[in-house]
Ligand code: AMP
């Protein structure tokens, strides 16, 4: 009998569904976009034919439609034995993945004020899946959970301490599932065990964060209370002077407007005035567009500064690891970033870097580098599948 496990990742207007077998091999995936709008549509990976969705389709409609198509096309025969959900914010409540029941769902709702945009959509996906499969164990895997090991010196802001006590204002960190996967995979490639492996993990996608992992545990990270802090990102500014808020308030820009600008109109997009997409930016820079070249330079410079900052939390380093769409694919970004790190002893081999470390276990450092530099494709879905399978199996024994 073929046993399936679903991984569901809901965004505000999108739903990603991945189907794994009980050996954690990915069997299929599908994406629904523009949900709750007039032009909602979906696609099964590998198929040219879009899956029609009714106008205004909700997350639940998209999910039930995709499951029907997967069954009709015999891509999957049975209902899943477990369902894993990516949940953005678990606050301080969730230090690891959790089996979903009314109590855990209420606890996720309690964290909603920390991620008011993401939590309701995550919960919409969970409710939809629970209605469709009421007897299937479901699991929440949190973006923040891996960072719950941060020590207070790394997670507290230098603010009045009542802000933390009364409102839980602190650094939480995100992309935890990806950073966790990086240390597992780096350890495997280096012939070590995760609990004896220390890395600096740079997840560079549309959102970007960097984490110091000491003996398998997250000890510092660049994202904060929200995913806005830290590195330059596609449309997010990363770090700015908090004095900016008052300065711009004086120019008539409200907190709401500024939040929108910092999240959606800044970063690579804001700097280049053209695009948030690193690949397009590299093309523009190659064609002589100076603001694009400058945007890439600022991106790499900030990243290199943060590599230095992450060193502070480590007593040894087994590898600097690049992942995410940019980290995995942009030799230029890796080269430009590491060029700032020569004093710390990092060196990259041009040829290995151009090949993204293929055929070399991801290694792109040169012979003289003090530390390995690795390129590792991330696989958050796999971690969610493994965690969901583990918890679902435990729940039924
Ligand atoms: P993600 O959010 O992980 O899917 O990453 C998206 C980012 O990866 C976008 O900025 C893409 O332009 C970037 N990216 C993907 N492929 C490449 C590439 N070959 N060169 C540079 N950037 C890339």
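Observations on the model:
- Test: residue 340 is free of Cβ contacts under 8 Å to residues at least 40 places away in the same chain, more than 16 Å from the ligand (Cβ to nearest atom) and over 20 Å from the mean Cα position of the chain (by Cα): no
- Filter pass, residue 234 being within 13 Å of the ligand (Cβ to nearest atom), assigned to a loop (DSSP other than H, G, I, E, B) and surrounded by 15 or more Cβ atoms within 10 Å (Cβ to Cβ): yes
- Residue in the stretch 122-141 that is assigned to a helix (DSSP H, G or I), touching a helix residue (DSSP H, G or I) at 6+ places or on another chain (Cβ under 8 Å), within 16 Å of the ligand (Cβ to nearest atom) and over 22 Å from residue 228 (Cβ atoms) present: no
- Residue 252 vs. criteria part of a loop (DSSP other than H, G, I, E, B) and crowded, with 17+ Cβ neighbours inside 10 Å: no
- Some residue of the stretch 286-307 being away from the ligand (no atom under 16 Å from the Cβ), out of contact with any helix residue (DSSP H, G or I) (no Cβ under 9 Å at 6 or more places or on another chain) and over 24 Å from residue 181 (Cα atoms): yes
- When residue 113 is tested against the conditions (1) within 16 Å of the ligand (Cβ to nearest atom); (2) under 24 Å from residue 235 (Cα atoms), the lone failure is (1).
- Some residue of the stretch 86-93 being modelled with pLDDT of 90 or more, over 21 Å from residue 177 (Cα atoms), assigned to a strand (DSSP E or B) and touching a helix residue (DSSP H, G or I) at 6+ places or on another chain (Cβ under 6 Å): no
- Only one of 241, 277, 283 that is at pLDDT 95 or above, within 12 Å of the ligand (Cβ to nearest atom), closer than 26 Å to residue 117 by Cα and surrounded by fewer than 20 Cβ atoms within 10 Å (Cβ to Cβ): 277
- Cβ pairs under 8 Å, 6+ apart, first in the stretch 252-270 and more than 21 Å from residue 303 (Cβ to Cβ), second more than 16 Å from the ligand (Cβ to nearest atom) and not in a helix (DSSP H, G or I): 261/253
The values are calculated or read from the model by the stated rules, or taken from the named source; none is laboratory data. Just so it is clear, the structure is predicted and the values come from calculations on it, not from any experiment. Reconstructed Cβ throughout: ideal geometry from the backbone, glycine too, with neighbour counts over all protein chains shown.
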